[in-house]
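K.L.:
Let me give you the structure first, and then I'll get to my questions.
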Amino acid sequence: MPEISSRAGELVTQDGQIQYGGLLLGEATEYVGEQLTGWDDLPDLDSAMVLRPTQHGGWPGQLLAGKRVLQFDFMFLPDSAERFPSLLADLRRATAPTQRERDLVVQLAGTKRAMRGRVVKRALPADRRYTRGEPYGSVVWECSDPRRYEVEETRMTSGLPAPEPGLDWAGGLDYPLEWGLDGSTGNIVALNVGEAPAHPIVEIRGPVVRPSLLQIATGRRLEYDITLAESDVLRVDCADGTAVLNDSASRLYTVTSRSAPEQLFTLEPGVTALAFRAAPGFYDPLASVTVRWRSAFW
């Protein structure tokens, strides 16, 4: 999951608007949109198909999506001729080349979606319209992650499954039997309402010994042979494939033989049931796991 800011898209209020960093483009702005291409298109897909040497056809491989390229064509419509230089300066500043991707939020058909991207092309032909202060232009973004995400992040937290007290034998048994309160299940139900797999961020807080997070339906799990103190947090980024202790030191070397590669631990479209567990016999009510994700869309 890309690290989209909690303030991403805060300037977007209606369909046809685009916010890139702190710049708002499109409807109800002085950068009036002509068209946006690449938004609802599927990104280029690599099928990895291998042709059969002695028969027609081939063996289908895994479909993997490439980058997403967006192009926004627009024209300047300043409120006054005096506004054109400052509008031009704002656009140049916002679309200058950067090494890091920035938040890119688009609202169309009543739905706001977020990505991360970089400007790789800006065109502003200096023709007669330019000299009048109403030129046409275009901006091209390249997004390394082709998926589009919900702007709002979802997060759920669970502790370890609590032991159940069972029967109270003090003073004998009275019917009907009172078995005590159910313990915490240690389970999380994650809902991805999109149609693309989403990579979660998993934050495990101690005290806990050999923590694991299991996908109940598939049997796929994240498990680390590590002991976390009460002040420790192990942050697993499934998109980047990292496991970092206290934001400072990698702990990927603590993965157990049962653990899946982090980048394969995804929340598929629909419901994913997860179970937080620790080493057999270990329980501490302060231990917890937080799973953060954004529903993902093609």
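K.L.:
Between residue 153 and residue 126, take the C-beta separation as r, use R0 = 45 Å, and let me know the FRET efficiency to the nearest 0.05.
P.N.:
That pair, residue 153 with residue 126, gives E of 0.60.
K.L.:
Then there is this: Counting other Cβ atoms within 10 Å of each Cβ, which trypsin sites (Lys or Arg not before Pro) in segment 1-96 have at most 15 and sit in a DSSP loop? Let's see the in-between values first.
P.N.:
Working: sites: 7, 67, 68, 83, 92, 93; in loops: 7, 67.
Here the trypsin sites (Lys or Arg not before Pro) that fit, given the DSSP loop and packing criteria, are 7, 67.
K.L.:
Sticking with this one: Within the chain, what's the longest run with no GluC sites (Glu not before Pro) in a DSSP loop and at most 14 other beta-carbon atoms within 10 Å? Give the range, please.
P.N.:
Counting only loop sites that pass the neighbour cut-off, the longest clear stretch is 11-151.
K.L.:
How long is the gain from residue 247 to residue 185 if the chain were fully straight, where each residue apart is worth 0.36 nm and the alpha carbon distance is subtracted?
P.N.:
Roughly 19.5 nm would be gained on extension.
K.L.:
So how far apart, in nm, are the two label points at residue 13 and residue 229 if each is 7 Å from Cα heading toward Cβ?
P.N.:
Each label point lies 7 Å from its Cα, and together they span 5.1 nm.
K.L.:
Can you work out the Karplus-derived ³J(HN,Hα) for every residue in segment 9-18? Use 6.51 cos²θ - 1.76 cosθ + 1.60 with θ = phi - 60°, whole Hz, and x for glycine or proline.
P.N.:
Along segment 9-18, the couplings run x, 5, 8, 7, 10, 7, 4, x, 10, 10 Hz.
K.L.:
Taking θ as phi - 60°, what are the ³J(HN,Hα) couplings along segment 194-207 by the Karplus curve (6.51, -1.76, 1.60), each to the nearest whole Hz, with x for Gly and Pro?
P.N.:
With the stated coefficients, segment 194-207 comes to x, 10, 10, x, 10, 8, x, 10, 10, 10, 9, 10, x, x Hz.
K.L.:
Read phi for every residue in segment 264-279 and hand back ³J(HN,Hα) as whole Hz from Karplus 6.51 cos²θ - 1.76 cosθ + 1.60, θ = phi - 60°, with x for Gly and Pro.
P.N.:
In residue order, the calculated couplings are 8, 8, 10, 9, 6, x, x, 9, 10, 8, 10, 10, 8, 9, 9, 4 Hz.
K.L.:
Under 5 Å between amide hydrogens, which residues at least 5 positions from residue 17 or on another chain qualify, with H placed 1.01 Å from N in the peptide plane?
P.N.:
Result for residue 17 returns 27, 107.
Coordinate-derived values only; no laboratory data. Everything numeric in this text was worked out from a predicted model, so none of it was measured. Please note: Cβ atoms are built from the backbone with ideal geometry, for glycine as well, and neighbour counts cover all protein chains shown.
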